[in-house]
Amino acid sequence: MTVEDFLLDFLLGGNLVVLLLAGFIILCVLLGVRIVPQSEKHVVERFGRLRAVLGPGINIIVPFLDRVRHKVSILERQLPNASQDAITADNVLVEVETSVFYRILEPEKTVYRIRDVDGAIATTVAGIVRAEIGKMELDEVQSNRAALISTIKGNVEDAVDNWGIEVTRAEILDVNLDQATRDAMLQQLNAERARRAQVTEAEGKKRAVELSADAELYAAEQVAKARRIAADAEAYATQVVAQAIAEHGLSAAQYQVALKQVEALTALGQGEGKQTIVLPADAVDVFRDAFGLLKGTRA
């Protein structure tokens, strides 16, 4: 082998080493640099043990020693709608449909402490729903749904706290009753409506009677008031006549009598059959005296 051949072989071998070294460096970079999306967290293990939890962004790990074992999404999740039977405090069987939303905050707890997180949460929710509804009567379940949801959410949060999970929302979508209970409630509702209708009708009749009595009382008060006014007027007229008699003597009284007689004669002459008026002789004397009295009074 010549010197030229030796040098050529050395250069070729050196290039291969460089290429191998460059490839190893590139591989270390690829294995050591981890880019985590914003919506995920990565759980890193070293020799089967938890090493670190990688957050969003660029992360560096030890190549060949550290491995990303779990890629956990931290987005909010919704469990499939679930239905479970429950018995209320007044022994009514209901079917409750629930929905739960949660998200993972500490993935290392979630992956190492629970195998099926969705199934575990669903089972926990079902047990809590049955326990809470068992403390309430049916009417309370229907009317206090918001309070019931808040209680269920708080109890679920306490139960799943060790799993690194946050329960963001819990909803009771529907409360269904069996057909027999529905029929009984419908009969009760119809009876209540009929009772309210009877009460309303009775109250209307009572109000009508009260209004009629008030109207009669008002009419009686008005008649009494009119009579009182007439009596006051008559008393006033009598008082005026009496005062006139007291001031002017008998002539004032005679004047009033004569005035009434003339007014009566005038009214008689204005009626039907006024062509002929037959009067007794003494009546003529009376009217003559009355005219004389009036004439003397005016003079």
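So the values come out like this:
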item	result
Enumeration of residues in the range 88-106 that are β-branched (Val, Ile, Thr) and either over 30 Å from GLY164 (Cβ atoms) or over 24 Å from the mean Cα position of the chain (by Cα) (or both)	THR88, VAL92, VAL94, VAL100, ILE104
Inter-residue pairs, beta-carbon under 8 Å, first closer than 20 Å to LYS109 by Cβ and in the range 151-175, second among the polar types (S, T, N, Q), 6+ apart	VAL156/THR124; ALA159/THR124; VAL160/THR124; TRP163/THR110; GLY164/THR110; ILE165/THR110
Cross-chain or 6+ apart pairs with Cβ under 6 Å, the range 180-208 first and under 22 Å from ASP139 (Cβ atoms), then surrounded by 10 or more Cβ atoms within 10 Å (Cβ to Cβ)	THR181/VAL92
Count of the range 170-186 residues which are surrounded by fewer than 11 Cβ atoms within 10 Å (Cβ to Cβ) and either of a type in the set (A, V, I, L, M, F, W, C) or modelled with pLDDT under 70 (or both)	2
Meets criteria (under 48 Å from the mean Cα position of the chain (by Cα) and outside the structural domain of ARG145 (by TED's automatic domain parsing)) for PRO63	no
Sole residue being touching an Asp or Glu at 6+ places or on another chain (Cβ under 9 Å) and either buried (at least 17 other Cβ atoms within 10 Å of the Cβ) or of a type outside the set (A, V, I, L, M, F, W, C) (or both), chosen from GLY164, GLY134, GLY127	GLY164
Check on LYS153, farther than 19 Å from ALA126 by Cβ, at pLDDT 85 or above and charged (D, E, K, R)	no
Subset of the range 133-178 that is of a type in the set (D, E, K, R) and within 24 Å of the chain's Cα centre (by Cα) - its residue that is nearest to ARG77 (Cα to Cα)	ARG169
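The values are calculated or read from the model by the stated rules, or taken from the named source; none is laboratory data. These numbers were taken from a predicted model, which means no experiment stands behind them. All Cβ positions, even for glycine, are placed from backbone atoms using ideal geometry, and neighbour counts span all protein chains on display.
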